[in-house]
C-alpha cells in the first residue's frame, strides 16, 4: 500500500506502508493503553477511587487477620457455641475496638509511605520494604497506646502476631497485583505503541530503555527525525506524522529532541486531531506546560501536554455486557444453530462452519466463525470475480454472487450466518457492536485513512448495518464507522442493538 508524501524540497516521494510486524501475525489484541487517567478532573477522581479501594483491601486484611489470630490464641475455632458467646462478651468488644484502631493506624501509615500510589517503576522489593515500615509503625503505635491506657485484657501476643500477619498479607497482595500487571504487559495486554520524535542520543536512550523494560507497557514503533538516516527505525520526518501514526497504529508520541515552540505546538495540534497521547522532555512552551502532569519514566522526565481520556469504566462495562449477552444468546439459539447446521449439511457438500481470517483492532488477525453460505472452495474463486465487484472501494460484495448456495442466500438475508460470531465475542476478538471485520485481502487494499476504522474491536452489528447496509459506497461505510468510533458510548451501543432486530427482520442482508 502506498501514500504520496511531499518532502521539504517540494518533491513528491512515495511512502510504502505495510502492516506493522506482530500486529497481523498473532499479537494479542489489546484495549488502548494509557499510563494515567483522563483530564485533571477524571484522572483525580479515578485515582481517588483506586486509592480508596487499596485502603479498603488493607482494612479487610488487617481486620480479618486480627480476628483469626484472636480465635487461634484462645483455641475457639472448633467450639462454635463458645465462640459465638465470646463475640458478645466485653473482651471481644475491646479487641474489636483495638482492631479497628489498628486498621486505621495501618492505613495512615501506608498513606505516609505513599503506598496507595503504585508507579510501575517501583520495584516489588521497594514496595514490600515500605509496607514493612508502615505496619511496624502502626503496630508500635497500637502497642504504645495499649500500654499507656493500662488495659490488661489485651494480649500482646495477639497484637504482635497481627502485625506479622498484616505485614505478610499487605505486601503479599501488592506483590501479586504487581506481578499480574507485569505479566499482562509482557504478554502484550494494555501495551501502548510509541513513536519517538527525535532520533538523537536522548531519543535512542529512551527507546533502548523502553525496549529493555517491557513490563511498563510500551512498544517503540520507530522514530521521526528531520535528518536522513539508513536506520530502518527512522520512519520519516515530522511532516509524515499523520501517515506514519495511522500506518503504525500509534498510541503515544514522545518528543525528545530540543524542539522549538512552533514545532511542539504543531505536534500538540496533530496529536489532538489523531487522538494521540503526547509526552515531552519538558520545557514550558508558551504556557502549554503549565499545570501539566510531570512524571519520570526510567529517569527521563516527562511532561504530558496532551492526552485523550479513555473511558476505562465504560469499556469494562461494554466487555462485561458482551460476555453476558453473548453467553445468554448462545444458550438460547443453540437449538436453532443445531437445526441450521443440519440444513447446511443437507443443502450442499462441505463443512457447516466457514472459518476465515479477519482483521480486527489495530490490524490484529483473528479466526472469524460463520455458518457456511457458499460452496466449498469459494475463496479460491474470489479473484476471478473481483472485476464484477458491486461495491465502491477496497471491499468485495456481489448481489448475485454465483458462489452462494440457495440456503446460504436465505441465511444471509436474515443474517443467521453470523450467529457463530458470538463465539468471537466471548473470545474477545469482537464486540457485539462495532465496525464489521473485513477479510485480509480487502484490508490489504486499504488506504491510510481507512485504518482509522481499526481503532476499536469489530462488531457483530454496527451503525452501518442498521442505517445504510445496502449502500454500495465504501466511503459511506467509513463515515458511519468513524461516526461510531468518535461518538461511542454505552447508550449508542444500546440504540444500535435495539435497531438491529428490525433491520434483520427486513431481510436486507446479502
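How long is the gain from residue 471 to residue 398 if the chain were fully straight, where each residue apart is worth 0.36 nm and the alpha carbon distance is subtracted?
Fully extending the segment from residue 471 to residue 398 adds 25.0 nm.
Write down the percent of antiparallel bridges among all DSSP beta bridges whose residues are both part of segment 312-505, to the nearest 5.
75
Using just the alpha carbons, could you tell me how many Å³ per residue the convex hull of segment 191-306 encloses?
98
Report the calculated FRET efficiency for residue 48 and residue 501 (r = Cβ-Cβ distance, R0 = 41 Å), to the nearest 0.05.
Working from the Cβ atoms, E equals 0.50.
What does DSSP give for segment 191-306 in terms of the percent of beta bridges that are antiparallel, rounded to the nearest 5?
Beta bridges within segment 191-306, antiparallel portion: roughly 30 percent.
Between residue 376 and residue 329, what FRET efficiency comes out of the Förster formula 1/(1 + (r/R0)^6) with R0 = 41 Å and r the beta carbon distance, rounded to 0.05?
After rounding, the FRET efficiency stands at 0.90.
Rounded to the nearest 0.05, what FRET efficiency do residue 64 and residue 114 give with R0 = 35 Å and r taken as the Cβ-Cβ distance? Could you check?
So, using R0 = 35 Å, E works out to roughly 0.90.
Each value in this text was obtained by applying a stated rule to the coordinates, not by laboratory testing. Given the structure is predicted, the values throughout are model-derived calculations rather than measurements. No Cβ is skipped: glycine too gets one built from the backbone with ideal geometry, and neighbour counts run over all protein chains shown.
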